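Accompanying notes for the structure given below.
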Amino acid sequence: MKVFSDIVSLREELSSLKNMNYKIGLVPTMGYLHEGHISLIRTSKGENDITVLSIYVNPTQFALDEDLDNYPTDLENDKKVAKEAGADIIFIPCNEIMYSNNHLTYVTVDNLTNNLCGKSRPTHFNGVTTIVTKLFNIVQPDKAYFGQKDAQQAIIIKKMVNDLNIPIKIIECPIVREKDGLAMSSRNAYLNKNERNKATILYKSLQYAKSLIIKGERNAHKITSNIANMITKESGVNIDYINVVDVNTLEDISILKGNILIAIAVKLGDTRLIDNIRLEVQ
Ligand code: AMP
């Protein structure tokens, strides 16, 4: 496994691999790797000749009052984990490499960024689409891998790639969960024991919502209020949003039909957690 921190030498390496017709898969991450990231690396490894993992905590996707400065990092462990998972190349740039002092260009996806996380983090997705475009241009992979854990992000990136004619296939990978259902996240490291126990309410409430839908419930308000009731019973868990949306538009729906996403964001102490389930409803 080779580690690169600058764009020129990474491009040199990649261009010689591409000359040999190797297929390249890219897994963009912010590091502090866990099983969720590992599943993306393994999926890429199965579908490509070379898997490039990027690790970069992108400042432009954090608002000023968010956790950029505290975001967990452990590059030495990440290198070990990435190697074991089968990554061939890791790209770990610094801010000076990714953003020049006079960086003026941003990529914006309209509408899909307005609801869910876009509502409470209005600048977040501009940062995400900008950094992902830059990584796509630097690596020029055949395929790129994103987790359904960040469902809105994956949907926005698919739209961006389509709208901007970027010749990269976006592969969405299922959410990897802890044994008790909590979706794996680097931010879970912030949780103390008590918060960690309470965090299971996200998945439990989503599973309860699913059971209601299986029993025939189609009223979105009833679904979201049942989830809210469950979550508010846990003291210290503050709801940011609970929405039932259409997966294509990410707009709220009132009657469940077709491909839907139930998405939740909460704050547990200072830690923001998200989770979701996707369902096809007849
Ligand atoms: P992050 O490092 O949190 O920015 O995540 C990097 C990529 O890993 C994103 O595409 C995430 O959606 C994906 N990811 C994070 N957690 C999980 C998980 N629990 N299951 C599947 N994918 C995940």
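Descriptive notes on the structure:
- Normalised by the number of residues in region 186-281, the mean separation of alpha-carbon contacts (under 8 Å, six or more apart) gives a relative contact order of 27 percent.
- Placing +1 on each Lys and Arg Cβ and -1 on each Asp and Glu Cβ, with no other charges, gives the chain a dipole about its Cα centre of roughly 840 debye.
- Of the Cα atoms belonging to the chain, the radius of gyration and Dmax stand at 19.1, 58 Å.
- A full extension of the chain between N248 and N95 corresponds to an added length of 51.7 nm, given 0.36 nm per residue minus the alpha carbon distance.
- Among the listed pairs K134/K159; K2/K23; K23/K143; K80/K179; K119/K222; K198/K257, those beyond 20 Å (Cα-Cα): K80/K179; K119/K222; K198/K257
- Largest-first ellipsoid semi-axes for region 96-190, taking √(5λ) over the Cα gyration tensor eigenvalues, angstrom: 24, 17, 15
- Inter-part distance where region 222-270 and region 141-158 are each reduced to a Cα centre, Å: 21
- Region 180-227 - charge dipole about Cα centre, Lys and Arg +1 at Cβ, Asp and Glu -1, debye rounded to 20: 40
- When the Gaussian network model of the chain links Cα atoms closer than 10 Å, the mean-square fluctuations of S44, S235, S225 top out at S235.
- Accessible surface computed residue by residue for the chain, with neighbouring protein chains in place and a 1.4 Å probe, gives 49 Å² per residue.
- Using alpha-carbon coordinates, inclination of helix 151-163 to the longest axis of the chain, degrees: 50
- Positive-pole candidate from I255, I170, S225, dipole of region 133-259, charges at beta carbon: S225
- Highest-MSF residue in the chain out of K179, K159, K210 [GNM, Cα springs under 10 Å]: K179
- Loop-located GluC sites (Glu not before Pro) in region 29-89 (DSSP state other than H, G, I, E, B) with a sparse environment of at most 10 neighbouring Cβ atoms within 10 Å are absent.
- Amide hydrogen neighbours beyond the local backbone of C173, cut-off 5 Å, H modeled: F146, G147, Q148
- Within region 201-282, the GluC sites (Glu not before Pro) that combine a DSSP coil assignment with at most 16 other C-beta atoms in a 10 angstrom radius are E217, E251.
- What a 1.4 Å probe finds exposed on region 69-218 is 46% carbon and sulfur by accessible area, rounded to a whole percent.
- Axis of helix 201-214 versus longest Cα principal axis of the chain: the two differ by about 70°, to the nearest ten degrees.
- Share antiparallel - DSSP beta bridges, the chain, percent rounded to 5: 55
- The chymotrypsin sites (Phe, Trp or Tyr not before Pro) of region 105-173 that DSSP puts in a loop, and whose beta carbon has at most 14 other beta carbons within 10 Å, are Y106.
- Computed about the Cα centre, the dipole magnitude for region 1-44 is approximately 160 debye when only Lys and Arg (+1) and Asp and Glu (-1) carry charge, each at its Cβ.
The values are calculated or read from the model by the stated rules, or taken from the named source; none is laboratory data. Worth saying up front: this structure is predicted, and the values here are computed from it rather than measured. Quick reminder, even Gly has a Cβ in these numbers, built from the backbone with ideal geometry, and neighbours come from all protein chains shown. Accessible surface is based on the protein model in full, side chains and every heavy atom, while ligands, DNA and RNA are left aside. Shrake-Rupley method; radii C 1.70, N 1.55, O 1.52, S 1.80 Å.
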